[in-house]
Amino acid sequence: MHLDEKIWLTLSFGMIMIFMLITGYQTFALEMGPPSHQETIDPEKVDQTAPFNEPGIKKIGENEYEVVMTLQIFSFTPNTIEVPAGSKVHFILTSKDVVHGFEVANTNINAMVMPGHIQKITQTFDQPGEYLVLCNEYCGAGHQMMSMTISVK
Amino acid sequence: METVITSKEKVTVFNKANQVLGIHLEDARITKSYLLVAFIALLLGGFLGLLQGLNRAGVLELPVWLNYYQILTAHGLLLVVVLSAFFTIGYFYAGLSHTLGGLLPKVRKMAWIGFWMKMFGFVLVVIPILMNEASVMYTFYPPMAAHPMFYFGLVFIVLGVWILAAGAFVNVSHWRKNHKGQHLPILAFFATGVFVLLVGATAFVAVEVLFMIIPWSLGWVDTINVMVARTLFWAFGHTAVNIWYLTAVSAWYVIVPKIIGGTRFNDYLTRVVVIALVIMNITGGFHHQIIDPGISLPIKFMHVFMSLAIGFPSLMTAYAMFRVFERTGRRKGGKGALGWLKKLPWGDVRFLSPFIAMAAFAPAGAGGIVQSTNQLNQVVHNTMWIVGHFHLTLGMTVVMTFFGISYWLVPFVSKRVLTPQMNRIGVIQTIIWTMGMVIMATSMHIVGLLGSPRRTSYTTYGEHVAAQAWDPYMIMIGIGATFLLIAVIIQVYAIFNMMFFAPKGETEFPIAEVEAGEFPTPYLTERWGIWVITMLIVVAMAYVLPLTDMIVNAPPGSPPFKTW
Amino acid sequence: MTSFIYGLLLYFFLMIPPVANLVESIMITHMHMQMPFLVIAGFLMGKLFQQRFPLFFKKWNSNGIPGITLFLIIIIYWTIPRTMDEALTVQSVEAFKFLSLPFLAGIPLRDSWSKLSSLGRNMVIVIFMIKYFGMGALYIWWPSQLCNNYLLIDQLTLGWGFITTALCLLFYFIYLFMIDPSDYE
Amino acid sequence: MISVLKNRHTTISLIVVILFGFVLFYIGTDGFKAFTAETARLKELKEEKPVFPQVTMEDSKGRTYSLSEFENKYVLITFLYTSCGTVCPQLEKNMAELYERLPQYVGKEIVFLSISFDPTRDDPDRLETYRKAFGSDGDTWRMARIVDKDELDLLLERFGVIVIPDGNGNFTHNSAFYLVDKTGRLSEVMDYTRIEEAADTIATLIESEKGNKK
C-alpha cells in the first residue's frame, strides 16, 4: 500500500467512525433515536383493544397532548386534530390492515406503522400552521388520498 | 537453448489466441440473448418510467384501465430485476467464456435452462401485474397479497439465478483444476463474488416467498408475520442492488483501465475489495428498517454500523480508480495537478459513460452513507429523496456503466465492430442520459427533503400548501424522464444496430493487465470456501438477534389484503 | 508492528465505556461480538510478543498444544453463564475478562495455530462445533434463566446464535470434506 | 536429545496450563458447584442467612407494618409484580398449592407473604384484586408492596432478587420461595416448582423445632 492510500483509508475509516459517534451520541445521549416502540397488538382486534378503542386527542399535561390514532386504508382516525402552538404531542399509532407510513410534511416526524405493532413518536409543534400528515408507504389504490391535517393555533 | 514458458507467459499466449479467435459462437448466443432481454426490458421500463414522471408532474392523466401503481410495479421489476440481472449474467458469462477459455458444454446447457426458467418466472410475474392482480411493488410487503402466480414467478426467477450461479461455479472450478495454484483471472474472480452474493441474497427472499408468503397467499395458513417477511425481503432487496453495483465495479477495475490504455490497479487490493463487498453486503439491508417499530435502538445502531461498513471498500474503489486515471494520464504526458485529466479519451463512449457513472457514485455514495444513519434516515425515509438516491446509484452508476460495456460487449459477441458513427451516437446518448438523470435525481432529492412521498400517484392533498410547493420539482422530474426516454430509445437502437447491422469484424474484449513489478497476490484470496463461511457468520451475527426477537415477541399475524 | 498497533487500537476501542456498555447490554453481542473481538485484538497484538520473546514461545509452546489448550480453557471459561453474569456485576471479573481474552487466548492462538498440524486445527474446530451445538441447545431449551442479568429472550437469541455459528462450522467441514484443496492448489 | 528437551518443556507448560485451567474453573464455579450466577447466589444466601431488613410494607387492605408483625412465626415470601403474564401467576399458583398443603401450620407457625417490587402500579386496590384471584385470605397469606424505593432495593439486594425492567412495563426476575425464620433471618431458598419438596422442608423445620422445645 502506498502512503497516500493509507492516508485516504485512514480518513475514510475515520469518517465512518465519526458518523457512528454522532449517531450513537444522538441516539443514546440525546435520546433522539428513531421511532422504535416495541409493544404489539392483535391487528384484527384493534378496535376492541385499549387505547385504540377510543382514538382521539387527550390533554395529558400543561401543553402536552396524547394522540391515539389508527391508520387504515385510506385514512387516519381521527382525521383532523387541533393543538395550541408550543405543545408537545405524543402520537400512539397502529395499523388496522396493511403497512402504512406516518409522515408530517415539514417536520421530522416519519415512522413506519405496521399491523400488529404499536408505534410511538413525539413532536413539539412550535410554529402555528396547518400541517399536512400523509401516508408515505404505498398501501393500495387510494394511497395518494390518505392524508389528514394537524392545525397548530 | 531451451525456452521455458512460465505459467504467466502461457496465460498471455492463451489470451492472445483467444483474442484472435474471438468468442465461441455458442457462448456468444447466450450472452446475446441475455443482453437482448435486458435492453428490451430497458425500453419497456423506460417508457413506463416516463408515464409515471408525467403523471406525477400532473401533466398526464392515466386511463382508468391503467393504474399508476401497476405501472410502478412493472417499472421497478423491469429495471431493478430484469435489466440488471440479465445484463449482469450476460456480461459475466461472456467474461467467464473469454477469460476461462470458453464455457463447458454442460455450463452452456445450464445457462439456457436458467435463461428459460427466468423467462418463465418473469411471464408468471407479469401476467398478474397486467391483470392488476399484483400491484404490490418491487417490495411486495405483506400483508398486501398479490395473486399467488406472482410469487410462483418469483420462485422460478430465483431458481434460474441459482442454476446460473451453479453454472458459473462449475466453470470456475473446472478452470482451477486445470490451472493448479494459479489465481483466477480477475473478471472471473468478480463473477464468482457476484454469483456467491446472488445465491446468498436470493436465499432470503426464497425463504420469505416459499415458506411464508406462498402458503399464506394460497390460504393454507391464515396469517403472516409482517416484520419477519419485511426483514427477509430487505436482506435480499438491498443486496440485490449492491450486486449490480459490484458488477459495475468489476468493469471499473478491469475494463476501463484497458480502454484508457493503462494498467490495472493493484491485483491484491482489488481482490480484497471484492471479498470485502461479498462478506459485508447482506447485513446492510437493515438500514431500510431504521424507523420500523419492534426493533430496539441498540440493534438499530449496530446495523447502522454494518451498513456503513460497506462504505469502506467503496471508498477504496474511489481511490483506486482515480489513481489509475492519474497514472495513465501522466504516462501519456499529462502535466501538473490536473493536466492528466485532459489526456483521457473523453470522446470514447466506452470510457465516457463509465466515467460519468463513477463520478455519479460520489454524490450517490455520500447520500447512501448519510441516509444509513438514524436521524437523517428519519428525515428522508420513504420520500422522493430515496427515489433520487437509487436513480443516482442504479440509474447512473450502474446502468451507465452497463451502457459503456455494451458498446464493446455487443460488437464482441456479434463479431462486429463499433464504428466511429456509432461511437458518436453513444456519446450523444450518454450526454442526454446524464442530463436527464441529473435533472431528475436532483429534483427528487430536493423534493424529498421537502417531504414529498415516494410511490404516490399524482395528488395535491386537497390543494394543501405543503404539497403545492412540490409541484415545480415534479415538473422537473417529468422533464428529466423525457430526456431519459430519448436516451433509452437511442441506446436500444444502438444495441440492435451493433448486434445485427454493424460492419463485421473482430472487437477486443478489453481486459487490463497488471502493472509490472507488483508483489504477487497471496493465494488466500482464492479460498472462496473460507470467504463464504465468513460471510455466513457475519450474516448470522446480524440476523439471528432481530429475527429471534421478531419471532418470539411476534404479535398475532396478519391476514392477506388486496387494497388496490 | 502495524498489526500490533491495530490490535492495540481495537483493544482500547473495546474498552471505551460506552462501547463496552453497549455491547454488554445485549447477551449475544457480549458473547459473540465483544469476546471474539477481544481475542482478535490479542491475536493482532501477538505478533510483537512473538518477535520480542521468540525463545519463550519456542521453548514452552514448541508444538502449539499448550497454547491452544490455554486458548480453549479461556474460551470455555467465558461461556459459563455465571462468568458472563459476574463480568457485569463484579469489577474484578470484568477486568479479568479484558486481560484473559486477548492475552491468554488471543496471543496463544496466534502462536499455536501456525504450529498445529491440519489435524490439530480441525480438532479445534470440531471442539468448537460440538461446544456451540451443545451451548446452543442448552440456551434454547433450558426452561429458566441462566443469566440473572439478561432477559430470557436474550438467552434464547444467544442459543440460536450458537446454533447458527455451529452450522457455519459444520458447513466448513462439509466444504473441507467435499473439496480437496490439492485439486486446485 | 534436543527434541526430547523441547518436548519436556512443552509437557511442563501443558501441565501448567491444565493446572491453571483447573484452578480457574474451581474458583470460578465454587468448586464445580455453581455454574450459573443463580446457583452461586442461592449457595451464598444459604451460607450467609441475611437478615430481613427494616422495611415498611403496605398490604392489600392498606395496613402498614414491618416484619415484626409476624414475630415468632416463619414467613414464606415470594416476589412478584401483578402485571406479569408469565412467571408470577405460576409462582403464586404454586404458593397457593403450598398453602393448601400446610393447613396444620398456617397462621400458627407460618404466614405467607407476597411482596410486589412494582409499587407504582401495584397499589392496595390492585393487590386486593390479585389476592382474590389466588384465593389468599389476606391475613395468613398477605399481598403487600414496599412503597419506599430505597427500602425495596435494600431488601431485593440483600435477598439477591434481581429485577430487570425490559422497558415495556415488564420485568425479568428470578423467582423462588424464600423462607424467613423466627429471628427474621433468611433460612431457606427453595425451588418454587417443587412444591412437595418445599412443603416437606417446612414441615420438617417446624417439627424439629417443636421437638427441640419439648
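All other residues whose Cβ lies under 12 angstrom from that of B:Val254 are scored, Lys and Arg at +1 and Asp and Glu at -1, for a net of +1. Ranking D:Ser208, D:Phe70, D:Leu98 by how far each Cα lies toward the positive end of the dipole of chain D (charges on Cβ) leaves D:Ser208 at the top. Among all stretches of chain A without exposed GluC sites (Glu not before Pro) (DSSP loop, at most 12 other Cβ atoms within 10 Å), which one is longest? Maximal segment without exposed cleavage sites: A:63-153. Max-minus-min Cα coordinates of the stretch A:43-152 on each principal axis give 35, 29, 18 Å, with the largest extent listed first. Measuring from each cysteine beta-carbon in the protein assembly as shown, the ones with no other cysteine beta-carbon under 4.7 angstrom are A:Cys135, A:Cys139, C:Cys147, C:Cys168. Each Cα pair under 8 Å and six or more residues apart adds its separation to the average, and for the stretch C:2-183 the resulting relative contact order is 24 percent. Counting every other Cβ atom within 10 Å of each residue's Cβ, B:Thr430, B:Thr460 order from fewest to most as B:Thr460, B:Thr430. Calculated mean residue ellipticity at 222 nm for chain B: -22500 deg cm²/dmol, from DSSP H runs with n ≥ 4 weighted as -39500 (n - 2.57), summed, divided by the residue count and rounded to 500. Contact order for chain B, expressed relative to its length and based on alpha carbon pairs under 8 Å spaced 6+ residues apart, stands at 20 percent.
For B:Lys415, the aspartates and glutamates whose Cα comes closer than 16 Å to its Cα, not counting residues fewer than 8 places off in the same chain, are B:Glu26, B:Asp27, B:Glu506, B:Glu508. Work out how much length B:Phe501 to B:Ala516 would gain on full extension: take 0.36 nm times their residue separation and subtract the Cα-Cα distance, in nm to one decimal. Gain on extension, B:Phe501 to B:Ala516, equals 1.4 nm. Using R0 = 56 Å, the C-beta based FRET efficiency linking D:Tyr26 and B:Val370 works out to 0.55. Whole angstrom only: what separates the Cα centroid of the stretch B:504-564 from the Cα centroid of the stretch B:344-411? That distance is 20 Å.
If only the Cβ of Lys and Arg carry +1 and only the Cβ of Asp and Glu carry -1, the dipole of the protein assembly as shown around its Cα centre is close to 4940 debye. In the elastic network of chain A, a GNM with C-alpha springs shorter than 10 Å, the most mobile of A:Phe28, A:Phe91, A:Phe52 is A:Phe28. The GNM of chain A, with springs linking C-alpha atoms under 10 angstrom apart, assigns the highest mean-square fluctuation among A:Ile22, A:Ile118, A:Ile60 to A:Ile22. Once both labels are positioned 7 Å from their Cα atoms along Cα-to-Cβ, the gap between A:Thr10 and C:Ser117 label points is 4.5 nm. Given in Å, the Rg to one decimal and the Dmax to the nearest whole number for the Cα atoms of chain B are 23.4, 90.
For chain D, the mean residue ellipticity at 222 nm estimated from helices alone is -14500 deg cm²/dmol, where every DSSP H run of n ≥ 4 contributes -39500 (n - 2.57) and the total is divided by all residues, rounded to the nearest 500. Checking the cross-link filter: which lysines have an alpha carbon closer than 30 Å to that of C:Lys59, excluding same-chain neighbours under 8 positions apart? Answer for C:Lys59, where 30 Å is the Cα cut-off: C:Lys47, C:Lys97, C:Lys115, D:Lys6, listed by chain and number. Charges on Cβ only, +1 for Lys and Arg, -1 for Asp and Glu, centred on the Cα centroid of chain B; of B:His381, B:Trp531, B:Leu341, which one is farthest towards the dipole's positive end? It is B:Leu341.
About its Cα centre, chain B has a charge dipole of approximately 1520 debye under the convention of +1 per Lys or Arg Cβ and -1 per Asp or Glu Cβ, with nothing else charged.
From the alpha carbon centroid of the stretch C:90-142 to that of the stretch C:145-166 is 17 Å. Helix-only arithmetic for chain C: the sum of -39500 (n - 2.57) across DSSP H runs with n ≥ 4, divided by the residue total, places the mean residue ellipticity at 222 nm at -23500 deg cm²/dmol.
For the pair the stretch D:188-210 / the stretch A:31-104, the C-alpha centres are spaced 52 Å from each other. Seen from all directions on average, the stretch D:48-213 presents a Cα convex hull projection of 9.0 nm².
Largest GNM mean-square fluctuation among C:Ser100, C:Ser144, C:Ser62, using chain C with Cα springs under 10 Å: C:Ser144. For A:Lys88, the aspartates and glutamates whose Cα comes closer than 12 Å to its Cα, not counting residues fewer than 8 places off in the same chain, are A:Glu62, A:Glu64, A:Glu66, A:Asp126.
In the stretch C:1-123 the Cα-Cα distances spread across 5 Å bins starting at 0 as 2, 11, 20, 23, 18, 13, 8, 3, 0 percent of all pairs. Under a no-solvent Debye model with one identical scatterer per Cα of the stretch C:132-185, what's log10 I(q)/I(0) at q = 0.12, 0.13, 0.19, 0.28 Å⁻¹? Once normalised to I(0) and log-transformed, intensities are -0.39, -0.43, -0.64, -0.98. Across the protein assembly as shown, the volume of the C-alpha convex hull divided among the residues equals 200 Å³ per residue.
Site-free segments of chain B were taken between GluC sites (Glu not before Pro) in DSSP loops having at most 15 other Cβ atoms within 10 Å, sites themselves excluded; the longest one is B:62-462. Our summary gives chain A a relative contact order of 22 percent, counting only alpha carbon pairs under 8 angstrom and 6 or more residues apart.
Bear in mind these aren't lab numbers, they're just calculated from the coordinates by the rules spelled out. Since the structure is predicted, the reported quantities are computational estimates derived from the model, not experimental observations. As a convention, Cβ positions derive from the backbone with ideal geometry for all residues, glycine included, and neighbour counts pool all protein chains shown.
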